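What follows is a single structure, written as structure tokens, with notes after it.
Just so it is clear, none of the values below were taken in a lab; they were calculated from the coordinates. These numbers were taken from a predicted model, which means no experiment stands behind them. Cβ coordinates were reconstructed from backbone atoms using ideal geometry, including for glycine residues, and neighbour counts include every protein chain displayed.
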Amino acid sequence: MKKIVIGLSVAFLLMGCSYINEKENHKEDSELNQEAGIELSPDENPQFNHDPAENRENIVDSGLNHEEIMAGNFASFAGEYVNSEGTIMLLDEADIERRLLDVMCIEDGHYYLNVKTDDGFGYGIDVYGIGVEVSDFEGLTDITKIRVCCGQAGPMDIEEIFNKK
């Protein structure tokens, strides 16, 4: 287990360093273009195209507040959820904050919250905003609503996906 945690930590560190280097390279390119008198429009400038969350390009209103979620405020998705079998689940903002270990924004547009139970066991809460498809369940969930799935892995059955009421 320690090897896995250490391996993941190193991978995230390397990804972060690579992202910082990419930003520095774009900054250097931008400075060289300015010195040469070349003005690029935002559409032509790669600095504006590599991270849609930064320039809000191609982002559908997901009903989720990215900045607040990354800062640990979960009001945009806390509430009552129901699955296809009618089972109701309540996500309490204060309870999530108390149990939270980590928050990640995944490339496909959903959020992953690493939380722990009172017994100390970890599990995840996947949060899918409006318009974001759930992998392996494309076209089967209501993309007009915020959806969540809780557990050790992503959803295995459609009944594990809950829609916000």
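How big is the range 60-165 by Rg and Dmax over its Cα atoms, in Å?
12.7, 38
Suppose each label sits 7 Å from its Cα in the direction of the beta carbon; what would the Met156-Leu101 distance come out to in nanometres?
2.0
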